[in-house]
Amino acid sequence: MRRKLIVGNWKMYGRLASNRALLEAILAGVRELRGADYAVCVPYPYLAQVQSLLQGSNVAWGAQNLNQYEEGAFTGAVAPGMLTDFGCSYVIIGHSERRGLFHESNEIADAKFTATLKAGMKPIFCVGETLAERESGVTEQVVATQLDAVLSHAGVQTLSNAVIAYEPVWAIGTGKTAAPSQAQTVHAFIRERVAKHDSQVAQSLCILYGGSVKANNAAELFAMPDIDGGLVGGASLVASEFLAICRAGARA
Ligand code: PGA
């Protein structure tokens, strides 16, 4: 039985004062929710604040990106070891905003995936198709290519320390959620593809759905057999919304 995981992706939102209020409300709400795991992935400057507020709680934390190199002359970049210095457990890798806005290729996503694992953190590896790709019927092909970048290079065993997030690009920040059955089809496809390499790894692999997960659709998404939780953007910035999603995860 896989445990549900609910991860907040704050993106480029937050300030010291609002972070504190949000995290205190989340902590108060999830303290008794032992049925699932929870995490927030926050902007780099707030990692120290988040670490001091969440340490010892049942909410883990992480970052939204890293640089694949251990150190060096990379102005503006953040190394994996800098994230472990602040207690990060997770790093989001290959988010469609990184792939699209920052031109990150499958090769770069794969290198960052490996760097995250090497530093002892769990990558949350994002895959997903655009609307044009879905409409031209190549969803599975696109997801397979993104997944294979990791499978063929890092190897299937690395997935036992990783999380996959299926995030259809057309559902991110648009309020358009994939129908639970639509998402389930792609999640099952991902699990089957991993199972071709190793069925045990596939069975225990945590596959999150992301793309306009809200309080009012979380329960039906999490009821799908291959949806193991959510990567939540906008709704993770509102304590009552995020908590309702966490409760749906704990009950599922
Ligand atoms: P959203 O974002 O929930 O705001 O659609 C999800 C994500 O980008 O991870």
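Which residue, of A235, A252, A219, A239, is touching a strand residue (DSSP E or B) at 6+ places or on another chain (Cβ under 9 Å), closer than 21 Å to G35 by Cα and more than 14 Å from the ligand (Cβ to nearest atom)? Talk me through it step by step, then tell me what you get.
Details: A235 fails: more than 14 Å from the ligand (Cβ to nearest atom); A219 fails: touching a strand residue (DSSP E or B) at 6+ places or on another chain (Cβ under 9 Å); A239 fails: touching a strand residue (DSSP E or B) at 6+ places or on another chain (Cβ under 9 Å).
Only one candidate passes the filter, namely A252.
May I ask you to list the residues in the range 223-232 that are within 16 Å of the ligand (Cβ to nearest atom) and either surrounded by fewer than 18 Cβ atoms within 10 Å (Cβ to Cβ) or in a loop (DSSP other than H, G, I, E, B) (or both)? Please lay out each step first, then the result.
So the first thing to find is which residues in the range 223-232 are within 16 Å of the ligand (Cβ to nearest atom), and the list is 227-232.
Answer for the range 223-232, where residues must be within 16 Å of the ligand (Cβ to nearest atom) and either surrounded by fewer than 18 Cβ atoms within 10 Å (Cβ to Cβ) or in a loop (DSSP other than H, G, I, E, B) (or both): I227, D228.
Being within 16 Å of the ligand (Cβ to nearest atom) and open to solvent by less than 40 Å² (accessible area, probe 1.4 Å), is that true of even one residue in the range 11-24? Break it down stepwise before answering.
Keep residues of the range 11-24 that are within 16 Å of the ligand (Cβ to nearest atom), which gives 11-14, 22.
After this cut, where a residue has to be open to solvent by less than 40 Å² (accessible area, probe 1.4 Å) as well, the list is 14, 22.
Checking the range 11-24: at least one residue is within 16 Å of the ligand (Cβ to nearest atom) and open to solvent by less than 40 Å² (accessible area, probe 1.4 Å).
Looking only at the range 68-113, which residues are open to solvent by less than 50 Å² (accessible area, probe 1.4 Å) and of a type in the set (K, R)?
Listed by number, the residues that qualify are R99, K112.
Determine which member of the set G29, G8 is part of a helix (DSSP H, G or I), under 19 Å from G249 (Cα atoms) and modelled with pLDDT of 95 or more. Spell out the reasoning first.
On the way: G8 fails: part of a helix (DSSP H, G or I).
So the residue among G29, G8 that is part of a helix (DSSP H, G or I), under 19 Å from G249 (Cα atoms) and modelled with pLDDT of 95 or more is G29.
The values are calculated or read from the model by the stated rules, or taken from the named source; none is laboratory data. Being a predicted model, the structure only gives us computed values, none of them experimental. Cβ sites come from the backbone with ideal geometry, for glycine too, and all protein chains shown count toward neighbours. Heads up: the accessible areas ignore ligands, DNA and RNA and are worked out on the full protein's heavy atoms, side chains in. Shrake-Rupley method; radii C 1.70, N 1.55, O 1.52, S 1.80 Å.
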